[in-house]
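The values are calculated or read from the model by the stated rules, or taken from the named source; none is laboratory data. Keep in mind that this is a model prediction, so the values were computed, not measured. Please note: Cβ atoms are built from the backbone with ideal geometry, for glycine as well, and neighbour counts cover all protein chains shown.
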Amino acid sequence: MLNRKNKLLVLKIVSLFSVVRGYNIPIIALAQYLSAIFILAPEKRALSVLLDFNLFILVVASSLTIASGYIINSFYDSKKDLINRPNKSHLDRLVSQKTKLQVYFGINFFVALIALFVSGRAFIFFSVYIFLIWFYSHKIKKYPLIGNLMAAFLAVLPFFGILLYYKNFYEVIFFHATFLFILLLVREMIKDLENIKGDLANNYQTIPIVRGEVISKRIITFLLLLSIIPVYFLINIFDVGYMDIYFYVCFIILIFFGLRLWKSTTKGEFLQLHNTLKFLIVAGVFCIVLIDPSVLWNGKKLLMTI
């Protein structure tokens with residue numbers, strides 16, 4: 001049996017795991033590896049990608065940077081989360097604000113150190129990434145629309161780090177990134193609808209607060225319609241193997257999502273919409289394996305012979 005001191009230590013570890021959303025980190029790392037194998041570097045053998053030590057360092061650095069981002073976000077949002085997420089907030093508060101900052105700076109120092117091992121450019125990239133996350137958490141997230149745009153951009157940025165590493169700028173990558181960016185942006189705006197009470201109490205100038213729920217829903221609907229463009233290109237212009245099944249399913253789900261959006265009025269209903277988007281994003285990670293990498297590689301060889 002654990003004594004009281006050990007129980008408190010276990011609870012603090014669980015609390016820190018909750019703060020950094022440790023359940024998300026493996027998914028992000030997996031997404032980066034699958035993207036590298038099937039989208040960003042399809043001409044390379046899967047084993048050579050998996051055994052690439054520099055790529056491993058970049059994935060670890062990205063994962064740790066995102067974890068530190070959750071910490072600094074929790075640090076600034078502690079009051080808001082007491083209203084929006086009371087159960088999670090009580091668990092997170094087992095770790096003091098001082099400890100959160102110590103862990104935050106410790107992680108970021110380690111990230112800069114291992115990034116420097118890869119290259120000077122990697123060091124600069126992660127230094128800028130760390131600064132942007134802090135700037136977003138400290139200032140930008142309180143402003144309407146620009147906060148949503150920056151949150152979605154920061155979520156996609158680690159994949160551009162891998163893209164810069166391989167220097168393979170396929171057009172299909174742009175459309176994959178655009179579709180993911182739109183889903184992430186819609187998710188951020190749904191979160192604003194979900195968290196109106198806490199945002200209002202803490203003077204966050206989100207779109208639902210500044211312009212109202214109707215305007216927010218109209219913008220989300222526009223974004224859902226906008227997602228048709230990358231989906232069209234990915235299904236009809238580029239050959240993405242059997243992953244087109246995923247995009248067909250997404251298209252159908254997003255239609256019902258849009259209809260459900262206009263009927264939603266409560267925090268619980270917006271939470272269901274939020275979880276739907278999280279499911280689509282996570283499912284998209286696993287569906288990357290449905291892409292035939294030889295399609296991209298053959299296309300590259302064709303362009304080289306023209």
Applying the selection to region 173-208, what residues are crowded, with 16+ Cβ neighbours inside 10 Å, touching a residue at least 40 places away in the same chain (Cβ under 8 Å), under 22 Å from G268 (Cβ atoms) and not hydrophobic (A, V, I, L, M, F, W, C)?
R187, E188, K191, D192, E194, N195, G198, D199, N202, Y204, T206
Touching a Gly at 6+ places or on another chain (Cβ under 8 Å), under 30 Å from P208 (Cβ atoms) and modelled with pLDDT of 90 or more: is that true of I146 in this structure?
no
Quick check on my filter: what residues within region 145-165 are surrounded by fewer than 18 Cβ atoms within 10 Å (Cβ to Cβ) and touching a residue at least 40 places away in the same chain (Cβ under 8 Å)?
L164
Within the set of pairs 6+ apart or on separate chains, which have a first residue in region 54-65 that is touching a residue at least 40 places away in the same chain (Cβ under 8 Å) and closer than 18 Å to Y104 by Cα, a second that is in a helix (DSSP H, G or I) and among the acidic types (D, E), and C-beta atoms under 6 Å apart?
none
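Out of region 162-183, which residues are part of a helix (DSSP H, G or I), more than 12 Å from the chain's Cα centre (by Cα) and within 16 Å of F38 (Cα to Cα)? Break it down stepwise before answering.
Pass one, region 162-183, residues part of a helix (DSSP H, G or I): 162-166, 171-183.
Those left that are additionally more than 12 Å from the chain's Cα centre (by Cα): 162-166, 171-176, 178-179.
Passing the criteria: I162, L163, L164, Y165, Y166, E171, V172, I173, F174, F175, H176.
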From the options I83, I114, I107, residue that is modelled with pLDDT of 80 or more, farther than 30 Å from P42 by Cα and either of a type outside the set (K, R) or surrounded by 17 or more Cβ atoms within 10 Å (Cβ to Cβ) (or both)
I107
